[in-house]
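Q: Take this structure, written in structure tokens, and hold onto it; I'll ask about it next.
What follows is calculated from the coordinates using simple rules that are stated; it is not laboratory data. Keep in mind the model is a prediction, meaning the values are calculated, not measured. With ideal geometry, Cβ positions are generated from the backbone for all residues, glycine too; neighbour counts draw on all protein chains shown.
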Amino acid sequence: MTASAGRPLGRVLVTGAAGFVGQWLLPALAAQGAELFALALERPAPQSRGAGIPAPAPDTTWLTGDLRDEAYLAQVVATARPDTVIHLAAISHVPTATADPALAWDVNVTATARLLHQLQQQREQRGTDPTVLIVGSAEQYGRDESHRIPLEETAVQAPRTVYAATKAAQEVLALQQWRANTLRVVVARSFNHSGAGQPPRFLLPALVQRARSLATAPAGTPMPVGNRSPIRDFLHVSDVVAAYISLCQRGAPGEAYNVDSGNGWSVQQLLERVLARKGSLAVPFEDPTLVRPVDVPVLIGDPRKLQHATAWRAQHSLDDIIEDLLHAATF
């Protein structure tokens, strides 16, 4: 599929629309002329938007309810009648999924099955043919002896966490719908991304929060961190949003695409950049409570398949992400 063969977005249903990525995605979709239907447990309060986050998309129809409620979900799909669906809703925090595996499987897998079923029902009853972007994770790759870095989409998936396993299962469900029923499903395997508005329970905002709190502390003040050796591939959230929209328009149904920069930074390198930007003389130390026992040593993806299909290119650097987080009034 060439970059010029874009599908119109039309009426777009975004699940998990009140979350971190959703608050960046909705304005970007509005700028493309999409008619927006935003599904969330609660509509975000206007005053909750921090510095650096795009202004809310005007004329968005908010639908508040639980994706796990099948009757309500049927109502949502019937109301939105979407031409495009971007499925963000998930338990996306690894420790949260680990602490409550049943909840993670219910939200990330069973609710996805319900959504796909309702979209297929609408197809059969109303003749619609939506494009459905399923947002997965680089964590699905896990760790396997056969892996070669950067990871291509053909790499073995060997998930090592509950979260990763649920995302791998979600992808299996989605691609089965494409094979069995030709529901136009496209899968994004997203690597780490950050920016203004991301909660501090995630890596980069957590490092920035700690560095800000110790910016004026005496030299040698201890700064707790987790394992500093893992290497991760980071994108700015606005580049991720652009990739998602491009995949909705130009991604091939039944295919999975890495969404990544192709570059990797160790946690130690991230930490050094954050501390240097704040001028902090704090001394990091490894806090055992922050170390994940199943951390994958290296997660760097190959973005060429996405780039070839959509002509997408990342526009922001790691320093741009850190700068945005430092100026965001979110913690």
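Q: Just want the ordering: Ile86, Ile321, Ile231, Ile149, from fewest to most Cβ atoms lying within 10 Å of their own Cβ.
A: Ile149, Ile231, Ile321, Ile86
Q: State, as an integer percentage, the relative contact order of the chain based on alpha-carbon contacts under 8 Å between residues 6 or more apart.
A: Relative contact order, the chain: 21 percent.
Q: Using only Cα atoms, find the angle between the long axis of helix 20-31 and the longest principal axis of the chain, and express it within 0 to 90 degrees, rounded to the nearest 10.
A: 50 degrees
Q: If one takes the longest principal axis of the Cα atoms in the chain, at what angle in degrees, from 0 to 90 and to the nearest 10, does the Cα axis of helix 111-126 lie?
A: 30 degrees
Q: Once both labels are modelled 7 Å past Cα along the beta-carbon direction, what's the Asp129-Ala219 spacing in nm?
A: About 6.8 nm separates the two model spin labels.
Q: Can you compute the modelled spin-label distance between His308 and Asp100, with each label point 7 Å from Cα toward Cβ, in nm?
A: Distance between the two pseudo-spin positions: 4.2 nm.
Q: Tabulate in residue order the Karplus-calculated ³J(HN,Hα) for the range 129-146, using 6.51 cos²θ - 1.76 cosθ + 1.60 with θ = phi - 60°, rounded to whole Hz; enter x for Gly and Pro.
A: These are the phi-based 3J(HN,Hα) values: 9, x, 8, 10, 8, 9, 9, x, 9, 4, 4, 4, 5, x, 9, 9, 4, 7 Hz.
Q: Determine the gain in length on full extension of the stretch Asp66-Gln121; use 0.36 nm per residue of separation and subtract their C-alpha separation, reporting nm with one decimal.
A: So the extension gain works out to 17.9 nm.
Q: Between Val291 and Phe202, take the C-beta separation as r, use R0 = 25 Å, and let me know the FRET efficiency to the nearest 0.05.
A: 0.95
Q: Sorting Phe37, Phe202 on the 10 Å Cβ count, fewest up front, what's the list?
A: If I rank by nearby Cβ atoms, fewest first, I get Phe202, Phe37.
Q: When you count, for each residue, the other Cβ atoms within 10 Å and take the mean per peptide, how do 266-278, 248-260 rank with the highest first?
A: Going by the mean number of other Cβ atoms within 10 Å, highest first, we get 248-260, 266-278.
Q: Residue by residue through the range 206-213, which ³J(HN,Hα) values in whole Hz follow from phi under the Karplus form 6.51 cos²θ - 1.76 cosθ + 1.60 (θ = phi - 60°), with glycine and proline marked x?
A: 5, 5, 5, 4, 5, 5, 5, 5
Q: On to the next question. In degrees from 0 to 90, rounded to the nearest 10, what is the angle of the helix 318-327 Cα long axis to the longest principal axis of the chain?
A: 80 degrees
Q: Same structure again: Divide by every residue of the chain the summed helix terms, -39500 (n - 2.57) for each DSSP H run of at least 4, and state the resulting mean residue ellipticity at 222 nm, rounded to the nearest 500 deg cm²/dmol.
A: The helix contribution divided over the chain gives -11500 deg cm²/dmol.
Q: Report, in cubic angstrom per residue, the convex hull volume of the C-alpha atoms of the range 234-331.
A: Each residue corresponds to 139 Å³ of Cα convex hull volume.
Q: Counting Lys +1, Arg +1, Asp -1, Glu -1, what net charge surrounds Thr64 among other residues with beta carbon under 10 Å of its beta carbon?
A: Result for the local shell: -1.
Q: Now a separate question. Please turn the phi angles of the range 263-280 into ³J(HN,Hα) values with the Karplus equation 6.51 cos²θ - 1.76 cosθ + 1.60 (θ = phi - 60°), one per residue in order, whole Hz, x for glycine and proline.
A: Calculated HN-Hα couplings, in order: 10, x, 9, 6, 4, 4, 5, 4, 4, 4, 5, 5, 5, 5, 5, 8, x, 7 Hz.
Q: Pull up all non-local amide H partners of Ser137: gap of 5 or more, or a different chain, and H-to-H distance under 5 Å with H placed in the peptide plane.
A: Ser190
Q: Another question, then. Skipping prolines and chain starts, which residues have an amide H placed within reach, meaning under 5 Å, of the one on Ile231, given they are 5 or more residues away or on another chain?
A: Val298, Leu299
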